[in-house]
Amino acid sequence: MEQPILSDKNQYPTDEVIYSHIGKSKKLWEEIFDHIQKIHPEISLEWRYYNDGKSWLLKAVKKAKTIFWLSIIKNSFRMTFYFGDKAEKEILKSGISDKLKESFIEGKRYGKIRGITVVFKTKKDVENAKLLIELKMKIK
């Protein structure tokens, strides 16, 4: 997996900083965040520097529930969603790509949870992320 880019603790990830790293993926960034703002204004976004990974991560939350984690990578960005084992049926029934379903089934377990990571390269990645946000919002 590609290493996150935002590793300078003293450089807060402003839009200008983010756009300078994600390049052509800026369009995908704007599309997914316009969607979140329009459809889920209750989701709060918080950038924080994490010493364990030595990088800035964006945590999206609704009340106390984490919806996704986001990191900036070279020429793109990635969102990771964590789901418990109970969500497996819903994930398999969902419209996300077979590749993402497979990554969940075969993914590393952290106790009773596993992650699904979307790396943004095409419009289909935005659609997958939208579906995963919806799943995360409705699954307890």
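Out of all the residues in segment 26-54, which are among the acidic types (Asp, Glu) and without any contact (Cβ under 8 Å) to a residue 60 or more places away in the chain? Quick ask: steps written out before the conclusion?
Pass one, segment 26-54, residues among the acidic types (Asp, Glu): 30-31, 34, 42, 46, 52.
Across segment 26-54, the qualifying residues are 30, 34, 42, 46, 52.
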Do any strands (runs of 3 or more DSSP E) entirely within segment 1-106 hold 2 or more residues that are closer than 21 Å to residue 138 by Cβ and among the β-branched types (Val, Ile, Thr), and if so, which? 65-73
Mind listing whichever residues of segment 61-75 are touching a residue at least 40 places away in the same chain (Cβ under 8 Å) and either surrounded by 20 or more Cβ atoms within 10 Å (Cβ to Cβ) or of a type in the set (A, V, I, L, M) (or both)? 67, 68, 71, 72, 73
Identify the single condition in (1) free of Cβ contacts under 8 Å to residues at least 60 places away in the same chain; (2) out of contact with any Phe, Trp or Tyr (no Cβ under 6 Å at 6 or more places or on another chain); (3) within 23 Å of residue 40 (Cβ to Cβ) that residue 116 does not satisfy, given that it satisfies every other one. (2)
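Rule-based calculations on the coordinates, nothing more; no lab input. Quick caveat: nothing in here was measured; it's all calculated off a predicted structure. FYI the Cβ positions are ideal-geometry reconstructions off the backbone, even for glycines, and counts take in every protein chain you see.
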